[in-house]
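> Provided herewith is a single structure, encoded as structure tokens, for subsequent inquiry.
The values are calculated or read from the model by the stated rules, or taken from the named source; none is laboratory data. None of these values were measured; they are calculated from a predicted model. Every residue, glycine among them, receives a Cβ derived from its backbone with ideal geometry; neighbour counts consider all protein chains shown.
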Amino acid sequence: MRNRIFFKMLAAAGIVVVIAAITMDVTIRRVWESSLRDEIQRGLTARARLFADRVEIAHQESLQDITSQEALAAGARATVIDPTGQVLADSEADAKSMENHRGRKEFMAALAGNIGVDERRSHTIGVPYLYVAVPVSGGAVRMAYQLSDVEAASQRIHRALLLGSLIAFVIIMLLAALAAHYTARRLQRILRFAERVSAGDLTARISATSLDEIGQVATALDKTARRVEESFLAVQTSQRQLETLLNSMQVAVIAVGSDGRVQWANRGMERLVPQRTRLNAPVVETVRDPQFLAAVRDATEGKKIASARAGSIVPGRSFDVTAAPLPGGGAVAVLRDLTETERVEKTRRDFIANVSHELRTPLTSIQGYTETLLDSTSENGHVREFLEIVRKNAARMSRLTEDLLTLARVESGEQRFDPQPTTPAELLSDAEESFREVVRGQGMELIIEASLDTPVNADREAIHQVFSNLIENAMKYAGSGKRILLGARSVERGVEFYVRDFGPGIPSEHLPRLFERFYRVDKARSRESGGTGLGLAIAKHIVFAHSGVIRAESELNHGSEFSFTLPFAKES
């Protein structure tokens, strides 16, 4: 690089000097020659006028003598011409042998009463002349100066300028070589500094040796290197902190590039597949689970968060997989071990089912004996009151155990559903017929607002239970004299059913937790109405088992709407 810059700067300086020398030579010579010609022309004009004055008073016999005298005095050639163009006298040639000058420009201008000027090569002696003609009575007189002297002087000036330019060229080239060498050395320092930084040495520094533009560039690059080093150290610190954080997590984390290769994995991932977790290895060789790979592919290609349940990463263990797209392409996946959670959940479900099953028989016995005692006790009011309390609580416990058993069966998948093509009108009609009298008995009205005939896939018994739980929930809050509306409407992937009441509504902070087991918005009202707190949870799991979704919307003082979707029935 140094030699290239040196020779380029030297060549540029040489070209500039040569162009300047040529321009100066041409300009000076032209200006000098033009100025000299103007001076010669003025001198010839003055001598020609004096010559004309002498010719006016002279005899023709003395014209040749006068012409020779004037030529000698002026240091120029003198000529006398008559009106026809015939030369009467000339200081350097025989007038009789000279051709007619009628067509000469300077002579024609003089005949017109003006001073004629022309520059050309003489036809008589073949030398370039500057001619000046002045009119006289009986013709014109002409003075001519030989321009070969001017050309010779111009050549002498040219040689002097050439010699001066050559000397200046040598001096300037020496100075340019020194400047180019100095500049190339400074640029070489900047280049070496830039190469060190580009190679990763962010500790490299460069100091400016002057305050010119190159020095300013060096200072700016040095500041940039310092800022890059600071940013790099900050990124390194953040990266180490992030790696420490991710490695301390119990979940497994793996980053996959857009090319399907492993970019990074935390220690949790290395513990899961210790023999296969290698950087830049294909992810299909690292985690051989189709659900996991599908989630990563969906996140990478679809640019959205994808979830899956993976059961073959480690034999006997189950993982919840969440994959999210990375900004630069690829995806990051988080694997959470659900094995212990599922075991505890199964133990809980089994315990609830077993306890509920064991409670069913004694509760049935308590209810039966209580009703028998109530039938046989008619006089003692206090005893009857106590027995009513026992019966009421036994009935509530029975409902609770039944709901717990139902929820346990639905959650565990033990309860099998048999979805069949059914019209929304049939499902709504079943619900309305079952609750018509009950609702009317409480001073309310149950109305089917809208219906459809498009078939959906539904287990009629299970969906009837969903409607039962939603209608019972609406009855608790609708209030006497109010309406409860049932309906169905078509949505993108199926039919949405809804149950709407016009009660006080539900505060928005309670809506996300409505479908949790035992969650109550108004605990006192639920206990008074005999609710178990499991109805909406059971409804949610039944709808999920039908590949649907359930949700709740509410506005204070305007009522609530619970809705769920069922998929369209497939055409056979």
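> Among Glu119, Glu99, which is the only one that is touching a Leu at 6+ places or on another chain (Cβ under 8 Å) and surrounded by fewer than 17 Cβ atoms within 10 Å (Cβ to Cβ)? Break it down stepwise before answering.
On the way: Glu99 fails: touching a Leu at 6+ places or on another chain (Cβ under 8 Å).
Unique residue meeting the criteria: Glu119.
> Something else now. Based on what the data block shows, is Gly126 surrounded by fewer than 17 Cβ atoms within 10 Å (Cβ to Cβ) and either part of a helix (DSSP H, G or I) or not small (Gly, Ala, Ser) (or both)?
No, not satisfied.
> Considering every residue within segment 223-232, establish whether at least one is without any contact (Cβ under 8 Å) to a residue 24 or more places away in the chain and of a type in the set (Phe, Trp, Tyr).
no
> Looking at Ala281, Ala299 in this structure, which one is small (Gly, Ala, Ser) and under 26 Å from Thr339 (Cα atoms)?
Ala299
> Output the residues belonging to segment 502-516 that are charged (D, E, K, R) and either in a loop (DSSP other than H, G, I, E, B) or touching a Gly at 6+ places or on another chain (Cβ under 9 Å) (or both). Don't jump to the end; show me each part of the working.
Residues of segment 502-516 that are charged (D, E, K, R), as a first pass: 509, 513, 516.
Result: Glu516, single match.
> Would you say Ala110 is surrounded by 15 or more Cβ atoms within 10 Å (Cβ to Cβ), closer than 23 Å to Glu39 by Cβ and either without any contact (Cβ under 8 Å) to a residue 12 or more places away in the chain or of a type in the set (Gly, Ala, Ser) (or both)?
yes
> Condition first: at pLDDT 75 or above and surrounded by 14 or more Cβ atoms within 10 Å (Cβ to Cβ). Now tell me which residues in segment 15-28 satisfy that.
The initial filter retains those residues of segment 15-28 that are at pLDDT 75 or above, namely 15-24, 26-28.
Listed by number, the residues that qualify are Val17, Ala20, Ala21, Met24, Ile28.
> Within the group Arg192, Arg159, Arg196, which residue is charged (D, E, K, R), surrounded by 15 or more Cβ atoms within 10 Å (Cβ to Cβ), not assigned by TED's automatic domain parsing to the domain that holds Val80 and not in a loop (DSSP other than H, G, I, E, B)?
Unique residue meeting the criteria: Arg196.
> Go through segment 74-92 and give me each residue that's of a type in the set (Gly, Ala, Ser) and over 13 Å from Ala144 (Cα atoms).
Of all residues in segment 74-92, those of a type in the set (Gly, Ala, Ser) come to 74-76, 78, 85, 89, 91.
Across segment 74-92, the qualifying residues are Gly85, Ala89.
> Related question: Looking at Val499, is it in the same structural domain as Ser547 (by TED's automatic domain parsing), among the β-branched types (Val, Ile, Thr), in a strand (DSSP E or B) and under 15 Å from Ala431 (Cβ atoms)? So that I can check it myself, show each step before the final result.
Numbers: in the same structural domain as Ser547 (by TED's automatic domain parsing): yes; among the β-branched types (Val, Ile, Thr): yes; in a strand (DSSP E or B): yes; under 15 Å from Ala431 (Cβ atoms): yes.
Criteria met by Val499.
> Now for a different question. Can you name every residue in segment 30-82 that is out of contact with any Leu (no Cβ under 7 Å at 6 or more places or on another chain), under 22 Å from Ala109 (Cα atoms) and basic (Lys, Arg)?
Passing the criteria: Arg42, Arg47, Arg49, Arg54, Arg77.
> Another one. For Met173, which of the numbered conditions (1) in contact (Cβ under 8 Å) with a residue 40 or more places away in the chain; (2) over 52 Å from the mean Cα position of the chain (by Cα) fails to hold?
Exception for Met173: condition (2).
> Of everything in segment 442-485, what is part of a loop (DSSP other than H, G, I, E, B), closer than 21 Å to Ala552 by Cα and of a type outside the set (Gly, Ala, Ser)? Give them in sequence order.
Matches in segment 442-485: Lys482 only.
> Kindly evaluate Gln41 against the criterion of being in a helix (DSSP H, G or I) and either modelled with pLDDT of 85 or more or not assigned by TED's automatic domain parsing to the domain that holds Ser97 (or both).
no
Residue by residue, here is whether (1) surrounded by fewer than 17 Cβ atoms within 10 Å (Cβ to Cβ); (2) assigned by TED's automatic domain parsing to the domain that holds Lys476; (3) touching a residue at least 24 places away in the same chain (Cβ under 8 Å) holds:
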site	(1), (2), (3)
Glu426	yes, yes, yes
Ser429	yes, yes, no
Leu446	no, yes, yes
Glu449	yes, yes, yes
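> Taking Ile172, is it modelled with pLDDT under 80, among the hydrophobic types (A, V, I, L, M, F, W, C) and in contact with a Gly (Cβ under 9 Å, 6 or more places away or on another chain)?
On the way: modelled with pLDDT under 80: yes; among the hydrophobic types (A, V, I, L, M, F, W, C): yes; in contact with a Gly (Cβ under 9 Å, 6 or more places away or on another chain): yes.
So Ile172 passes the test.
> Another question about this same structure. Restricting attention to segment 398-424, which residues are modelled with pLDDT under 70, part of a helix (DSSP H, G or I) and surrounded by fewer than 18 Cβ atoms within 10 Å (Cβ to Cβ)?
Answer for segment 398-424, where residues must be modelled with pLDDT under 70, part of a helix (DSSP H, G or I) and surrounded by fewer than 18 Cβ atoms within 10 Å (Cβ to Cβ): Ser398, Arg399, Glu402, Ser412.
> Now, a different point. Considering only residues of segment 272-311 that are part of a loop (DSSP other than H, G, I, E, B), surrounded by fewer than 15 Cβ atoms within 10 Å (Cβ to Cβ) and of a type outside the set (D, E, K, R), which is modelled with the lowest pLDDT?
The qualifying residue modelled with the lowest pLDDT is Gln275.
> Let me ask another. In segment 547-572, what residues are more than 17 Å from Leu428 (Cβ to Cβ) and part of a loop (DSSP other than H, G, I, E, B)?
Residues satisfying the conditions are Ser547, Val549, Leu556, Asn557, His558, Lys570, Glu571, Ser572.
> Inside segment 451-482, can you point out the residues that are buried (at least 18 other Cβ atoms within 10 Å of the Cβ) and among the β-branched types (Val, Ile, Thr)?
Correct list: Val456, Ile463, Val466, Ile471.
> Still on this model: Is one or more of the residues making up segment 250-270 part of a helix (DSSP H, G or I), loosely packed, with under 14 Cβ neighbours inside 10 Å and at pLDDT below 80? So that I can check it myself, show each step before the final result.
Restricting attention to segment 250-270, the residues satisfying the condition of being part of a helix (DSSP H, G or I) are 267-270.
Now drop any that are not loosely packed, with under 14 Cβ neighbours inside 10 Å, which leaves none.
Scanning segment 250-270 turns up no residue that is part of a helix (DSSP H, G or I), loosely packed, with under 14 Cβ neighbours inside 10 Å and at pLDDT below 80.
> Which is farther than 26 Å from Glu39 by Cα, in the same structural domain as Glu99 (by TED's automatic domain parsing), surrounded by 13 or more Cβ atoms within 10 Å (Cβ to Cβ) and not basic (Lys, Arg), of Gly215, Gly164, Gly138? Lay out the reasoning, then the answer.
Working: Gly215 fails: in the same structural domain as Glu99 (by TED's automatic domain parsing); Gly164 fails: in the same structural domain as Glu99 (by TED's automatic domain parsing).
Sole residue among the options that is farther than 26 Å from Glu39 by Cα, in the same structural domain as Glu99 (by TED's automatic domain parsing), surrounded by 13 or more Cβ atoms within 10 Å (Cβ to Cβ) and not basic (Lys, Arg): Gly138.
> Can you tell me which residue within segment 141-156, out of those that are of a type in the set (Gly, Ala, Ser), touching a residue at least 12 places away in the same chain (Cβ under 8 Å) and part of a helix (DSSP H, G or I), is surrounded by the most Cβ atoms within 10 Å (Cβ to Cβ)?
The qualifying residue surrounded by the most Cβ atoms within 10 Å (Cβ to Cβ) is Ser154.
> Let me ask another. Can you report the number of residues in segment 311-326 which are among the small types (Gly, Ala, Ser) and either in contact with a Leu (Cβ under 7 Å, 6 or more places away or on another chain) or without any contact (Cβ under 8 Å) to a residue 12 or more places away in the chain (or both)?
Of the residues in that region, 1 qualify.
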